[in-house]
Amino acid sequence: MKFWQSSHVFQHPWSTVTQAFWRKYPNDYQSSVYGTDVIERYVDADGKLHSKRLIISDWNIPSFMKFFFGETRGYAVEYSIVDPVEQTLTLRSQNINAVSMFSMREEICYKSVGETTQLNHQAEFLFSVSRIVDEAAENWLVGTITEAARKGLMAMESISIKVEEEMRPALTAIDDIISNETIRSARKSIDSSITDAEKFIDSSINDAEKFIDSNDAEKFIDSSITDAEKFIDSSITDAEKFIDSSIEYIDSSVDSLTQESSVKFT
């Protein structure tokens, strides 16, 4: 039995790397992988996404092993769990054909670490064909998985960059919405409310000055101040309502951009 492991840090956030993971196959670096088929997928009560996929690939078996295997196409089942709260994507896979001759198990974890993503990858494999070829076969597989992992990292990096490029126009559009239309309208509403409040206070002071010599002047001033405070509170409430509606508008714009570009924001 042989054990193998490696680690890598992607200079991309977890949300980007996980999107790249689901779009990994086919890619320009791993032509040996024919494709994947989703067998089962569901979200549990905790909001975790569970997936079961069939991975189909060409094993590229060396000539000294073809006599034992015959079929060079490999099939593996992959079980994965996406935890959006902990921001982890964990998966394990195992071959489902030629199991009488060898077994290979892989475990992979993508974990969010700040603005980067930590990848931990480990595997174990055992051949039981013949004492004559087992050691050579396991050594061959160590080299094969090392090269596959290297190409897999290149593919993930390439796809992650593509995901970010696809997201950039949508993010720019959202920034424009926030910085231009929404903020400008909010500022106008707040400035207008403040101006109206100032006019109301000035008018109340002028009216109070007219009655300064009367016995009711103090009561009038108190009443005017109270009315002014109510007006200011009402203006602030209106401004807050406008800001809330602006936030809803932004959320709606994000949803619309998401549907148009097929990019998910987290």
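Length gained on full extension, S103 to I161, computed as 0.36 nm times the residue gap minus the Cα-Cα distance: 17.5 nm.
Rounded to the nearest 20 debye, the dipole size of the stretch 75-145 about its Cα centre is 140 debye, using +1 on the Cβ of Lys and Arg and -1 on the Cβ of Asp and Glu.
Only Cα pairs under 8 Å and 6+ residues apart enter the sum, and on that basis the relative contact order of the stretch 1-70 stands at 22 percent. Between I56 and K241, residue separation times 0.36 nm minus the direct Cα-Cα distance comes to 61.1 nm. Building the convex hull from the alpha-carbon atoms of the stretch 90-139 and averaging its projection over directions returns 4.0 nm².
Backbone phi angles across the stretch 14-19, fed through the Karplus curve with coefficients 6.51, -1.76 and 1.60 (θ = phi - 60°), yield HN-Hα couplings of 4, 4, 6, 5, 5, 5 Hz in residue order; Gly and Pro are listed as x. Take the cross-link list K199/K241; K111/K151; K24/K66; K2/K24; K111/K162; K48/K151 and give me the ones stretching past 24 Å between alpha-carbons. From K199/K241; K111/K151; K24/K66; K2/K24; K111/K162; K48/K151, over 24 Å: K24/K66; K2/K24; K48/K151.
Computed from the coordinates by the stated procedures, all read-outs in this text should not be read as laboratory data. All figures in this text were calculated on a predicted structure; none of them were measured in a lab. A quick note on method: Cβ atoms are made from the backbone with ideal geometry, for glycine too, and the neighbour counts reach across all protein chains shown.
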